[in-house]
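A quick write-up on the structure given underneath.
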4 protein chains.
Amino acid sequence: MVRVGIVGISGFSGKVLLDLLLNHKDVRVTYVAANSTTGRVDTIWPEFKNRTELVCAKYASQEAIEACDLIFLALPHTESMNVVGTLLAAGKNVIDLSGDYRLKKLPLYKKWYHADHKDPKNLAKAVYGLCEIYRTKIAKTKFVSNPGCYPTAALLALAPLVSIYPKKIASIAIDAKSGVSGAGRKVAEGFMYCFVNENFKAYRVLNHQHTPEIEQYLSRMAGKAVTTTFVPHLLPIDSGILETIYVRLNSVLNESALHEMYKKFYKTETFVRVLDLGQQPELRHVVKTNFCDIGLTLSEDRKTLVITSAIDNLVKGAAGQAVQNMNIMYGFNETEGLL
Amino acid sequence: MVRVGIVGISGFSGKVLLDLLLNHKDVRVTYVAANSTTGRVDTIWPEFKNRTELVCAKYASQEAIEACDLIFLALPHTESMNVVGTLLAAGKNVIDLSGDYRLKKLPLYKKWYHADHKDPKNLAKAVYGLCEIYRTKIAKTKFVSNPGCYPTAALLALAPLVSIYPKKIASIAIDAKSGVSGAGRKVAEGFMYCFVNENFKAYRVLNHQHTPEIEQYLSRMAGKAVTTTFVPHLLPIDSGILETIYVRLNSVLNESALHEMYKKFYKTETFVRVLDLGQQPELRHVVKTNFCDIGLTLSEDRKTLVITSAIDNLVKGAAGQAVQNMNIMYGFNETEGLL
Amino acid sequence: MVRVGIVGISGFSGKVLLDLLLNHKDVRVTYVAANSTTGRVDTIWPEFKNRTELVCAKYASQEAIEACDLIFLALPHTESMNVVGTLLAAGKNVIDLSGDYRLKKLPLYKKWYHADHKDPKNLAKAVYGLCEIYRTKIAKTKFVSNPGCYPTAALLALAPLVSIYPKKIASIAIDAKSGVSGAGRKVAEGFMYCFVNENFKAYRVLNHQHTPEIEQYLSRMAGKAVTTTFVPHLLPIDSGILETIYVRLNSVLNESALHEMYKKFYKTETFVRVLDLGQQPELRHVVKTNFCDIGLTLSEDRKTLVITSAIDNLVKGAAGQAVQNMNIMYGFNETEGLL
Amino acid sequence: MVRVGIVGISGFSGKVLLDLLLNHKDVRVTYVAANSTTGRVDTIWPEFKNRTELVCAKYASQEAIEACDLIFLALPHTESMNVVGTLLAAGKNVIDLSGDYRLKKLPLYKKWYHADHKDPKNLAKAVYGLCEIYRTKIAKTKFVSNPGCYPTAALLALAPLVSIYPKKIASIAIDAKSGVSGAGRKVAEGFMYCFVNENFKAYRVLNHQHTPEIEQYLSRMAGKAVTTTFVPHLLPIDSGILETIYVRLNSVLNESALHEMYKKFYKTETFVRVLDLGQQPELRHVVKTNFCDIGLTLSEDRKTLVITSAIDNLVKGAAGQAVQNMNIMYGFNETEGLL
């Protein structure tokens, strides 16, 4: 029984992590903490009453080190990098859900997160936890940087195309729509009920910090620089991301062949479901699950490809993928706790 | 006092039309009808109790002709074309909200509406009622074909660019999101509460009948053939359309200059609001109004333009624009009943 | 043309007031102010762009006095009572939308609003603006205290019964449900989208400050002390209040006779719609309107009466009723700006 | 490994049953069927893709008997009673989720379900599956009639009071609010998105078929006839029931003592959570769980008790309670598959 800890239990990702880990047969949650909140978990999140008696402590690395074999960090950006080093130095395994260890170039981190990176050594070591793509590396590491929610949906949707036909891609535009939980538990007027309900809008147009994350890993897959046009929107729902991706092609594709290629690429993957041609993903089929559903449509002139990709931002886009990463790291059944 | 009639009162557009026309100081609603529903309007739509005593008749052209000077047709596609001819022949003014008179080429109509057009003569005469663009022609006609909801948002967003810089445009992708009322009052499982709420999906990907309408009028504005990639989505809200439009450019643009050009283009228009740079439209600012809000963002490399455009699909995208067309046709104050 | 001012434009009631008053043919809005927010109204509320060029000032009584004949106060509780005296002393007409002048007994005010009342003189003079019941007094006063949202729905629902059959009433339980805008523009975790959406709960059970307001006016109508059991709930919608009222009777009633009595009581009222027996109010029939819809159902044993009552909390429950009060005070058509 | 079948997989309760049973370690789903729908389950409910390869058959009793030890019937009312007899006669265990076997008096069944009961013999034998109250009987039976959703919330809320202080109760009014899934997968205009969203209403006022079910079991617990005033409402959410119950008392109660009594009554129950005084249940704490949360508030004069009770109508109010009943019948851990 692996002893696991969750740091950042007061946030949405921390809550979903706890929900998943309480039902995971190979682990025991031995430590939960946060930076400001303390007290019984079932006071912080009343839904846990009669499910756990855990008490949230103010985070202290020594306590985490003593109590856990593996620590999940569900902290805000720029806070994780203060914590990771000590835990790794103590020989612990770490899965970090923040954005702190995803961008490999220091200036890029500074540009998008508005802070100097304080832990470049471990930044270099961190394995990007996009399970279906980097499984081998994940299995061997002690430190996983869990992907962002938007990048998870985008990268799984584009991985087959970009890695197999890198030269065919002329341009990529990603129109992304996310439920409100993607913004975290922030209390701000823009996330008040009356300002979200019956509303819809784009935000941070061409200016979202997930853009360089998407481009970095697309480029790595393609073996050449790939840029994207990325526009996120706020959906009046709790959870779920749907991305509609417009790929302009340099030369024509064949829709059936492409579809077969995608199916083959994800043939052995439980959590990526390539839909039949003519079908489109719907958020309600993936919300509260670890699945990523992908739909493909080629234009009549065969020069524009529309890929639709749907996940739950808190599950496959955060806590679920983190558990999947743990399953890979420890050699557990990869779907344990997730189906 | 102009006597107006509404045919199709049992649908959402018919209802909004009545709501607007009851508060219009220059007209009197003298006739309401539908193809299957009959009875007091405040039984069909209880919200009208104590606002009107109108009774909905089964549609009969002779009654409409006797009762009205102007008839609004809010009928389903392929039904309007059975009705328009008689009304025009009797010298009546007609504003048709269906898709029947928007596509000027007969084969195109057949391809997208799956029916032969039965009234090619009036199809040729119909003036496309995109008020801000075709005001002069509208003022002179007796027969307006009111634009579709998606085309209204798309064409107003693209008109300045396409008409002024037609050669700069390399490609256009329109990611459109609409509230459920856009589907009309259809009773089908896909529009049931439990299948829409907390859900989001693309539908009719690259296969929506508004695509050729958008392309026809963009081409007309550009003076050359313009094609688009159009993907509509279903938002879990009542009303509102937001379109995020990705324009790839052949050569760079200057963001400030472009913004000035848009502001100048719509300078005298009350209902089109070009937002400041850095601002994005939100549906709640336009829902229940006749406004179209437009936001502009140019990419860092100045070769991709993102235009966001928001309207209420039932108002500026249907009934409101129809009333605006009436105001133009009759020389009323163009904002009467709409502000 | 009466010159009117709105103090508290940054709140929801202030916004709806402006929306209504801009379309009212007998008044001109000459002053808008708030306690903390300043700047163009169309910056505070972008929906007003191209509708008004008004600028919100920091509230100053002298400016209000010079600019206006009538001032609407849409301030939070305990702030209005600091402002009313000066305005009335200057001979201005005032309609106060806060709770400051509704409870006539000072200890009751202190108990429920947790503050000493600072303006007992005007408290005694204030006319309670429940239009349909106190029209005569409203027509003669210069100072109206606009009713609370929950009390409006409850009192209109119970007025006929309580005033005509006061002795029949054994007990009254009011189960009230309100949309989120009823809480105002407060930024607090409890009103964040993810804590309201797909949720429902009771709050301030037996402990809401509208309870004594309801009881005070029911008692006045009944000519004897009437108490109620009042439980409010938070609905996951923007606007609307539905109250389900359970009246236990001391002796049997006749359903048809009761229904006729209600219809007669409200016969000449445009804004109160007594529904047919067997029909129930729905929020969507009253939201964005000044109507109050009432449904009646008597139990088989004829000893329990269930009354359902629906309003828009921001319109009939706040800004709409305030405009109706103005119409009465000034002898305007009572429905002007409201239908 | 117990072999279980689900009849009625195309409905919401059937879907949730399958979701729960696929994760239950002591059973295997060996048969799924429906009356009209057939085909792969992951075509009927795409969310199940990669979770199950089950195929839905047209229901045939012989196949069910051969494939299963236990059959869950999630059929519409008046259909279950055609099926139960054969299954029981073949020695199978049955858990019926319909209303067919809940009302013990034949005329009452006929009055509320508008049909003659066709299986009075098994009606007499059926054990009412309100787990926390009738656990002993459930453990011994082969045929459970699973409680209705509204009755589950009402009976768990009232059981302690009614069974311990039956003489104190003067009257009970139950104001019930349910999410839309309570109506099943019915395609009707009243459940269309645009008619439910941003709406709220009472329906079947004093006329809902769950009223006699509630009264029958309250009376059984009280040892005397208990009647109620029951009014259901439709909430604009997917799932969840909150009931606010107004109990008028013949003599005063003590709030703390009552609260202690409730806590003691449910002390050993995992799924009933009696909240602290001053706390109120919220739907988001129980939705997607098998919990029932209960809040208690006594009026100042100690003669009116307000009980609030919250469940997920599809889980504790249907499929979850059915699984809990199975766990009891088979002696499995009672929380297996449900926490």
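The values are calculated or read from the model by the stated rules, or taken from the named source; none is laboratory data. Keep in mind the model is a prediction, meaning the values are calculated, not measured. Neighbour counts run over all protein chains shown; Cβ positions are idealised from the backbone, glycine included.
Brief remarks on what is shown
- Pairs are defined by a Cβ separation below 8 Å, a sequence spacing of at least 6 or placement on different chains, a first member in segment A:182-205 that is within 13 Å of chain B (Cβ to nearest Cβ), and a second member that is part of a loop (DSSP other than H, G, I, E, B) and basic (Lys, Arg); the pairs so defined are A:GLU189/C:ARG185; A:MET192/C:ARG185; A:CYS194/C:ARG185.
- Some residue of segment B:279-295 being farther than 21 Å from A:GLU198 by Cβ and touching a helix residue (DSSP H, G or I) at 6+ places or on another chain (Cβ under 6 Å): no
- The residues on offer are A:LYS110, A:LYS137, and the sole one that is over 19 Å from A:THR308 (Cβ atoms), in the same structural domain as A:LEU17 (by TED's automatic domain parsing) and without any contact (Cβ under 8 Å) to a residue 12 or more places away in the chain is A:LYS110.
- Among the numbered conditions (1) on the phi > 0 side of the Ramachandran plot; (2) aliphatic (A, V, I, L, M); (3) buried (at least 22 other Cβ atoms within 10 Å of the Cβ), the only one that B:LEU242 does not meet is (1).
- Scanning segment A:208-226 for residues that are within 11 Å of chain B (Cβ to nearest Cβ), within 21 Å of B:VAL231 (Cβ to Cβ), of a type outside the set (Val, Ile, Thr) and within 20 Å of the chain's Cα centre (by Cα) turns up nothing.
- When the residues of segment C:291-331 are filtered to those that are surrounded by fewer than 24 Cβ atoms within 10 Å (Cβ to Cβ) and away from chain D (no Cβ under 14 Å), the one that is farthest from C:SER145 (Cα to Cα) is C:GLY331.
- Odd one out for A:LEU277 among (1) hydrophobic (A, V, I, L, M, F, W, C); (2) more than 26 Å from D:ARG284 (Cα to Cα); (3) within 11 Å of another protein chain (Cβ to nearest Cβ); (4) surrounded by 18 or more Cβ atoms within 10 Å (Cβ to Cβ): (4)
- Flag for B:SER251 being in contact with a Ser or Thr (Cβ under 6 Å, 6 or more places away or on another chain), in contact (Cβ under 8 Å) with a residue 40 or more places away in the chain and either more than 8 Å from chain A (Cβ to nearest Cβ) or of a type in the set (Phe, Trp, Tyr) (or both): no
- Residue in segment C:226-238 that is free of Cβ contacts under 8 Å to residues at least 12 places away in the same chain and either aliphatic (A, V, I, L, M) or not assigned by TED's automatic domain parsing to the domain that holds C:ALA157 (or both) present: no
- Looking across segment D:191-226, the residues that are more than 30 Å from D:ILE133 (Cβ to Cβ) and in contact with a strand residue (DSSP E or B) (Cβ under 8 Å, 6 or more places away or on another chain) come down to D:PHE191, D:MET192, D:TYR193, D:VAL196, D:ASN199, D:PHE200, D:LYS201.
- Selection over segment B:119-168 of residues that are touching a His at 6+ places or on another chain (Cβ under 7 Å) and not hydrophobic (A, V, I, L, M, F, W, C) gives a count of 3.
- Exactly one residue out of C:ILE169, C:ILE174 is of a type in the set (A, V, I, L, M) and more than 10 Å from every other protein chain (Cβ to nearest Cβ), and it is C:ILE169.
- Residue match in segment B:8-27 (condition: under 18 Å from B:CYS149 (Cα atoms) and of a type in the set (Asp, Glu)): no
- Filtered residues of segment C:74-98 (kept if in a loop (DSSP other than H, G, I, E, B) and surrounded by fewer than 24 Cβ atoms within 10 Å (Cβ to Cβ)): C:PRO76, C:HIS77, C:THR78, C:GLU79, C:VAL83, C:ALA90, C:GLY91, C:LYS92, C:SER98
- Residues satisfying the stated conditions in segment A:280-290, i.e. facing another protein chain (nearest Cβ under 9 Å) and either out of contact with any strand residue (DSSP E or B) (no Cβ under 8 Å at 6 or more places or on another chain) or closer than 16 Å to B:LEU206 by Cβ (or both): A:GLN280, A:PRO281, A:ARG284, A:VAL287, A:LYS288, A:THR289
- Test result for D:GLU334, away from chain C (no Cβ under 11 Å) and surrounded by fewer than 23 Cβ atoms within 10 Å (Cβ to Cβ): yes
- Breaking point among (1) acidic (Asp, Glu); (2) more than 21 Å from the chain's Cα centre (by Cα); (3) within 14 Å of chain A (Cβ to nearest Cβ), for B:GLU260: (3)
Okay, residues lined up against (1) over 10 Å from C:MET192 (Cβ atoms); (2) of a type outside the set (Gly, Ala, Ser):
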residue: A:SER171; (1), (2): yes, no
residue: A:VAL180; (1), (2): no, yes
residue: A:ARG204; (1), (2): yes, yes
residue: A:GLN209; (1), (2): yes, yes
residue: A:PRO212; (1), (2): yes, yes
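- Only one entry of C:SER36, C:SER13 meets the criterion of being at pLDDT below 95 and either within 25 Å of the chain's Cα centre (by Cα) or of a type in the set (Ser, Thr, Tyr) (or both), and that entry is C:SER36.
- Once segment D:47-73 is narrowed to residues that are within 14 Å of chain A (Cβ to nearest Cβ) and assigned to a loop (DSSP other than H, G, I, E, B), the residue that is surrounded by the fewest Cβ atoms within 10 Å (Cβ to Cβ) is D:GLU53.
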